[in-house]
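In what follows, a single structure is set out as structure tokens and then discussed.
The values are calculated or read from the model by the stated rules, or taken from the named source; none is laboratory data. These numbers were taken from a predicted model, which means no experiment stands behind them. With ideal geometry, Cβ positions are generated from the backbone for all residues, glycine too; neighbour counts draw on all protein chains shown.
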Amino acid sequence: MLSNIFEIVTITSSIVQFFVKQAEQASKEKKDYTAKLESAQGDEIFKYLLLINVASLEGYVAQTRIQAEQSFRWSKIVSVIGFIIIAVGVTIAIYTSAGGSIKIGAAYLASLSGVIIELVAGVFFFLYNRTLQQINLFHQRLADSQQLSISLIANSLIGDEVRRDEARTELARALAGSVTGRSSLPNSH
């Protein structure tokens, strides 16, 4: 059992390290795009602003994943400890009852402690669930930002200036609607 716990801790640490690297990479990309933004002109300004936004969201997603992974790890550890304490309390109660001893206060105390620890583990799992909801929100924002980036980049490739300006105006209206909650962008929520 101890080797299984060590294996779980090792795997969890590897996952956390992966997300840390993702967050660092997103931070580096954000700095690179910020440096390029300083010399950008025309449509490149929009491109780099959106790339900075996407890199920021990727960093937030990675940080939230780190938090979720650590929260889940602690939730599991605390729930296992609570279960062990409850099992010890029940074992003491059974042992003392079978032996004819009436003093089972330690069993009650251990069982109560285990129940309290399980409640704390439940709070940890609740926080883990909230973290997952944040990941989903950030992921949706990241997808929306990527969709917007692609739309602006595709718009800048339109050769006819009149059509490009009309498409840009349409895109701006859609963005204004998304800010106020009335988005007309396809697939926006």
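Which pairs do you get when a residue that is of a type in the set (Ser, Thr, Tyr), found in the range 115-144, comes within reach of a residue that is assigned to a helix (DSSP H, G or I) and surrounded by 13 or more Cβ atoms within 10 Å (Cβ to Cβ), reach meaning Cβ atoms under 8 angstrom, with the pair 6+ apart or on two chains?
Between residues of the range 115-144 that are of a type in the set (Ser, Thr, Tyr) and residues that are assigned to a helix (DSSP H, G or I) and surrounded by 13 or more Cβ atoms within 10 Å (Cβ to Cβ), the close pairs are Tyr128/Ala68; Tyr128/Ser71; Tyr128/Phe72; Tyr128/Ser75; Thr131/Thr64; Thr131/Gln67; Thr131/Ala68; Thr131/Ser71.
Is it true that Lys47 is free of Cβ contacts under 8 Å to residues at least 40 places away in the same chain and of a type in the set (Lys, Arg)? If you could, list the steps in order and put the result at the bottom.
Details: free of Cβ contacts under 8 Å to residues at least 40 places away in the same chain: no; of a type in the set (Lys, Arg): yes.
Against the criterion (free of Cβ contacts under 8 Å to residues at least 40 places away in the same chain and of a type in the set (Lys, Arg)), Lys47 does not qualify.
Report whether or not Ser183 is closer than 18 Å to Glu44 by Cβ and either modelled with pLDDT of 75 or more or touching a helix residue (DSSP H, G or I) at 6+ places or on another chain (Cβ under 9 Å) (or both). Full working, then the answer.
Details: closer than 18 Å to Glu44 by Cβ: no; either modelled with pLDDT of 75 or more or touching a helix residue (DSSP H, G or I) at 6+ places or on another chain (Cβ under 9 Å) (or both): yes.
So Ser183 fails the test.
What residue, of Val54, Val61, is in contact (Cβ under 8 Å) with a residue 24 or more places away in the chain, of a type in the set (Val, Ile, Thr), assigned to a helix (DSSP H, G or I) and within 19 Å of Ser151 (Cα to Cα)?
On the way: Val61 fails: within 19 Å of Ser151 (Cα to Cα).
On inspection, the qualifying residue turns out to be Val54.
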